[in-house]
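A.B. asks: Quick one: structure below, then a few questions.
Every number here is computed from the coordinates shown, using simple stated rules; none is lab data. None of these values were measured; they are calculated from a predicted model. Note that each Cβ is placed from the backbone with ideal geometry, even for glycine, and that neighbours are counted across all protein chains shown.
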Amino acid sequence: MPVKPQDDHPQEPASQIIASMTDLAGSLGRLNDLIAQQLGIAQTDLLCLHVLNRAGVTTAGELGSQLGRSTGAVTHMIDRLEKAGYVRRKPDPSDRRRVLVEASRPGLDRIASFYADIDARTRRLMTTFTDDQLAAIQTFLRGSYDITAEECDRLIR
């Protein structure tokens, strides 16, 4: 993202899409921050819970990799979330030395309640697109996610 928006081709679809993605990222960040405040947790804690919701049961190390956080930071985050009732630790049945982290269903349900309205409104918006358009949007979003994940990996190295 340029520091100042480029006005060379303001009507070019690619420029408009990049600007819209930047706006969306900022808006989603603000939404997540407001939800985290309502829940009494940090925004990174909320992101951790999103990862657990998508990935299911995982290790602290895998969470650290997904979130780009150190082992110590993840341990403290899990401690906070466990104390607040959002996660629980359980022994790994295949390796007793490892501990798995699992989001609690009541915690995930509480978080989901904050997203219910935006989910419903987004689903209504999607009804205005054809199946082919939705497939193209999904392809674009998945590709954008992959590019962003690669950039995160590059910045970590």
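A.B. asks: Out of segment 51-107, which residues are of a type in the set (A, V, I, L, M), in a strand (DSSP E or B) and either farther than 28 Å from residue 155 by Cβ or more than 16 Å from the chain's Cα centre (by Cα) (or both)?
C.D. replies: Result: 87, 99, 100, 101.
A.B. asks: To continue, here is another question. For segment 35-45, does any single residue satisfy the condition of being farther than 20 Å from residue 94 by Cβ, exposed (fewer than 13 other Cβ atoms within 10 Å of the Cβ) and among the charged types (D, E, K, R)?
C.D. replies: no
A.B. asks: Within segment 76-98, how many residues are of a type outside the set (D, E, K, R) and loosely packed, with under 14 Cβ neighbours inside 10 Å? Show your work before the answer.
C.D. replies: Initial filter on segment 76-98 (of a type outside the set (D, E, K, R)): 76-78, 81, 84-87, 91, 93-94.
With the extra rule that they be loosely packed, with under 14 Cβ neighbours inside 10 Å, the set shrinks to 76, 85, 91, 93-94.
Residues meeting the conditions: 5.
A.B. asks: Looking at segment 96-120 only, could you name the residues that are closer than 21 Å to residue 54 by Cα and free of Cβ contacts under 8 Å to residues at least 40 places away in the same chain?
C.D. replies: 98, 104, 105, 106, 109, 112, 113, 116, 117, 119, 120
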